[in-house]
Structure formats: C-alpha cells, structure tokens
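The next block holds one structure in the form of structure tokens; read it before the comments.
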Amino acid sequence: MAKPKNVCIGNINPGNLSLGFVTSLMETLGDEQDVPHEDRLVRNVLLRRSGPYLDQGRNKLVDDFLKKTDCDWLLFIDSDISWKPQDIRKLVTSANEKYKPVVSGVYYSPFPKTDLSNGGNLPVVYRWGKKQQHGATTITFVNDNWEKDEWPKD
C-alpha cells in the first residue's frame, strides 16, 4: 500500500494572523491530535515573519520546509484565509507529483462594481486588461465568466 500523503502548512505574514486563520489552524491540528505523527495529514506548520519582499519570505520558508520537515507537500495559506480540515484533505488528495504538482483552492473576496466587472463576491482568480479613458491607457481588473454557479464541482 502506498504511503499516505502528508503536508506542512506554510505561512508568511507581517507579524499578525487573522482570527479565522488561527481558528482554522487550531481546528485542523486538533482534528488529528489522537493520530500518530507518522499517520497525520498535517505534520508540521511553518510560520515566518516577512516584510514587503514576499518572494524572499516564501523562498526562506521553502528552504525551511526542505531542510526542517519530513513532509511530502507544502501548502501555503494566506494569513487572512479560513478553512476546514476537509479542505486540506481534498487539496492534498488531488495533488499528484507528476501530473498535478501544484494545486490551489479558490476563495472569494468582495470586489467593487467597475465598467468591466459586476462586482460582488468573486473568486480571487482574474486577469488584467487595458482600458482607454481620456486618451490614456490604464490597466484594470477584469473578472469575466466567474459566476459561482458556472464553476465545475470540485
């Protein structure tokens, strides 16, 4: 039988975490508190304080992951995100070293109504477009065809 997948939750932050993140982390770790370490889905958590250079913070956290954990997968979760333990299980289960080495969850955020978007709670998956206005070209947010009902299940 294949070895079960396991994950390290990684987070870089400016020195603070949202209550939703902390509550979700506690629930996730508590969900497996009676499971032996080697059988846990979440085996480690790495939190790293980072300034404005997010790439440097991420690179240092990846280095810590590779050198200081025995985990198979690294899951970055932003400081303002909340989740359920089953969300991590679903992501890790769908990951595949060869065919899906990177997987991501979709989360929603409130966006204002613009000329190119109806606004509302939209997934944080988007593209940037150009808009001509008053003789100038500006770069603007475009969120098209992202209606929640149109997303395929799972």
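The table below gives the values:
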{"quantity": "Label point distance in nm, His37-Val62, each placed 7 Å from Cα along Cα→Cβ", "calculated": "2.7 nm"}
{"quantity": "Mean Cα-pair separation over length for the range 41-137, i.e. relative contact order, pairs under 8 Å, 6 or more apart, %", "calculated": "13 percent"}
{"quantity": "Chymotrypsin sites (Phe, Trp or Tyr not before Pro) restricted to the range 1-91 and DSSP loop, no more than 12 other C-beta within 10 Å", "calculated": "Tyr53"}
{"quantity": "Accessible area expressed per residue, the range 1-74, with surrounding protein chains retained (probe 1.4 Å, Å²)", "calculated": "65 Å²"}
{"quantity": "Accessible surface of the range 1-74, 1.4 Å probe, proportion on carbon and sulfur as whole %", "calculated": "53 percent"}
{"quantity": "Rounded accessible area of Ser82 (nearest 10 Å², 1.4 Å probe)", "calculated": "80 Å²"}
{"quantity": "Inter-label distance for Thr138 and Leu17, nm, one decimal - labels placed 7 Å from Cα along Cα-to-Cβ", "calculated": "3.8 nm"}
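The values are calculated or read from the model by the stated rules, or taken from the named source; none is laboratory data. Bear in mind that the values here come from a model prediction, so they are computed numbers and not experimental data. When we count neighbours, we look across all protein chains shown, and the Cβ atoms used for this are built from the backbone with ideal geometry, even at glycine. All accessible areas refer to the heavy atoms of the entire protein, side chains included, with ligands and DNA or RNA removed. Shrake-Rupley method; radii C 1.70, N 1.55, O 1.52, S 1.80 Å.
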